[in-house]
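Here is the structure we will look at.
Values in this text are rule-based calculations from the coordinates and carry no lab data. Because the structure is predicted, anything quoted here is derived from the model rather than measured. Counting neighbours? That spans all protein chains shown, and the Cβs are built from the backbone with ideal geometry, glycine included.
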Amino acid sequence: MTSLVSRPWLVSAVVKPLSKNSMSLALHLSSNLILNTQIFKMLHFLLALSSLPYILPMLVGCESINHHAIDLIPSSELHCKKWDSPLPSRLNVANPDYDVSPTIPQMEPFKNGFLKSNCSRNPLDIDPEPFCIFLNTKVNQGMGIVIISKKSVFEASLPKLDFSTELPVPSTIKIVKMPEKGGAGAVASQDLKRGQTVGKVRAVALFPHDQSLWGNEFGKRFYRQAIELLPHRTQDVIASLHATGMEETKEEFIANALKQNTFGTHLNPASPIVYTALVLEPAVRFNHDCRPNVGYYIDHDTQSIHMTAFRQILAGEELTISYRASELTRKMRQDSLSANYGFQCSCSHCQMSSEEGKKSDGRVLRLLQLQNIHSTGVEWLSIEEVTELIKICERENLPYSMINANYIAAQVYNAHGRTQEASDFAKKAKRDGLMYVGPMWKDLEEAQILIDSPQKHNSYLNIIVDDEI
């Protein structure tokens with residue numbers, strides 16, 4: 001299933017472009033004139049979407065590096081300890097505000113093992129229904145899960161939420177000290193094949209994301225109260241997370257830690273409310289790379305992050321994810337990472353020379369241009385353009401865009417009546433779509449038609465060739 005932020009820049013809606021020969025020259029020229037503007041808007045759209053909650057690997061780790069024990073044994077001796085960091089958390093500084101234990105409200109049994117407490121209406125919410133805190137301490141190997149939601153939304157979500165299966169501690173991940181990256185990171189504990197599952201980790205907290213409603217003092221206090229209902233060992237891990245280092249109250253720390261350590265998700269896909277999912281170790285240790293070797297998506301039913309190897313990874317190699325859309329230019333990626341996370345990216349892709357960086361940006365912009373031509377439906381891409389699109393994805397190492405490119409190629413070849421090639425490209429798109437986006441990949445049904453019966457897909461023979469008129 002695709003997370004809201006899993007890769008929303010994959011614009012591959014099923015389209016049925018008009019025949020090139022049916023388009024007037026004026027329309028064709030007009031579309032070209034606005035193309036650069038559309039690409040510019042798309043870049044900023046990608047940036048905005050990829051600025052939604054993402055994981056940030058923390059500047060902390062466990063001295064024992066024994067995550068099997070940490071996750072399975074509820075012992076205070078196995079809590080993660082904070083490491084020294086160039087960006088110290090203000091929680092390391094004595095502050096009486098942090099030592100005040102709020103009064104925990106009386107909780108009442110709800111449904112499916114959850115308890116309910118403290119329903120309060122957000123003063124900025126036009127909907128009169130209050131938000132409530134729901135807690136289940138029996139899941140996540142005893143780490144628990146806490147959810148802030150309106151009762152009606154939570155009740156509607158319960159039939160699909162499945163926390164019945166405990167997720168095993170990933171044996172493929174090892175946490176190590178990385179002082180050069182501010183503290184810690186994750187490495188592969190064994191060789192991994194392309195497409196192999198790296199790990200699955202369930203969230204410990206699900207909170208509404210809308211900053212217009214939750215960025216105020218009410219929201220910060222509500223977040224704090226919810227976090228403080230979790231088991232102590234879960235709170236200890238959360239307290240070791242990195243925020244901005246400028247917090248003066250616990251409410252500020254929790255609010256900022258959530259901004260920098262969460263993924264976007266939905267509690268109920270039918271509800272318009274966007275949620276953030278706080279996922280802890282080992283996923284929280286993954287550092288950023290503009291060309292990462294691990295992809296991920298959020299399964300909304302289990303509220304767990306599924307991490308998969310983009311390529312072959314050797315034992316001891318660092319495991320990385322991308323905090324921003326890889327389909328952004330280098331400057332946009334670096335500026336956004338610096339502004340939102342406080343570091344200057346030094347990955348190999350960002351270390352390219354100025355000349356090579358410009359060439360890479362040019363290829364990315366060309367990729368967006370080709371995707372835009374297809375998605376608008378103004379005209380079909382040519383076979384040559386589809387080939388170019390796929391080569392760009394390969395050259396730039398863009399696995400998510402490659403899913404889209406293969407799906408586009410399947411439609412284009414099918415439009416030319418080349419059904420076998422269409423089916424082959426659709427198979428590649430389906431394979432990687434399920435692998436990296438999950439079973440809720442939005443183009444799965446259409447791709448399956450292209451695989452099984454390409455003649456029944458609406459793209460079949462949709463192009464009128466010049467000499468056929």
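Where does each of 300-306, 124-130 land if you order them by average Cβ count within 10 Å, highest first?
In descending order of packing, they fall as 300-306, 124-130.
What order, most packed first, do the peptides 424-434, 308-318 have when packing is the mean number of other Cβ atoms within 10 Å of each residue?
Ranked by mean Cβ neighbours within 10 Å, highest first: 424-434, 308-318.
In whole Hz and in residue order, list the ³J(HN,Hα) couplings for the range 195-201 that follow from phi through the Karplus curve 6.51 cos²θ - 1.76 cosθ + 1.60, θ = phi - 60°; x for Gly and Pro.
Going residue by residue, I get x, 6, 5, 8, x, 10, 9 Hz, with x marking Gly and Pro.
May I ask you to order 347-355, 174-182, 250-258 by the average number of other C-beta atoms within 10 Å around their residues, highest value first?
The most tightly packed comes first, giving 250-258, 174-182, 347-355.
Amide H neighbours of residue 178 under 5 Å, at least 5 residues apart or on other chains, H built in the peptide plane: list them.
183, 184, 185
So if I average 1/r over every pair of distinct C-alpha atoms in the range 388-469 and take the inverse, what Kirkwood radius in Å does that give?
Details: mean 1/r = 0.0781 Å⁻¹.
Result for the range 388-469, one decimal place: 12.8 Å.
What does a probe at residue 271 reach in the range 194-222, counting residues whose amide N is under 13 Å from the point 7 Å along Cα→Cβ?
Under 13 Å, as judged by backbone N against the label point of residue 271, lie 206-210 of the range 194-222.
From the phi angles alone, apply the Karplus equation (6.51, -1.76, 1.60; θ = phi - 60°) to the range 134-150 and give each ³J(HN,Hα) in whole Hz, x where the residue is Gly or Pro.
Along the range 134-150, the couplings run 10, 10, 9, 8, 8, 9, 6, 6, x, 6, x, 8, 10, 9, 9, 7, 6 Hz.
What's the extension gain from residue 395 to residue 331 if we count 0.36 nm per residue and subtract their Cα-Cα distance?
Net length gain for the segment: 21.1 nm.
From the phi angles alone, apply the Karplus equation (6.51, -1.76, 1.60; θ = phi - 60°) to the range 290-298 and give each ³J(HN,Hα) in whole Hz, x where the residue is Gly or Pro.
Result, rounded to whole Hz: 5, 10, x, 9, 10, x, 8, 8, 9.
On full extension of the chain, what length is gained from residue 383 through residue 361, given 0.36 nm per residue of separation minus the C-alpha to C-alpha distance?
Numbers: separation 22, 0.36 × 22 = 7.92 nm, distance 2.32 nm.
Answer, rounded to one decimal: 5.6 nm.
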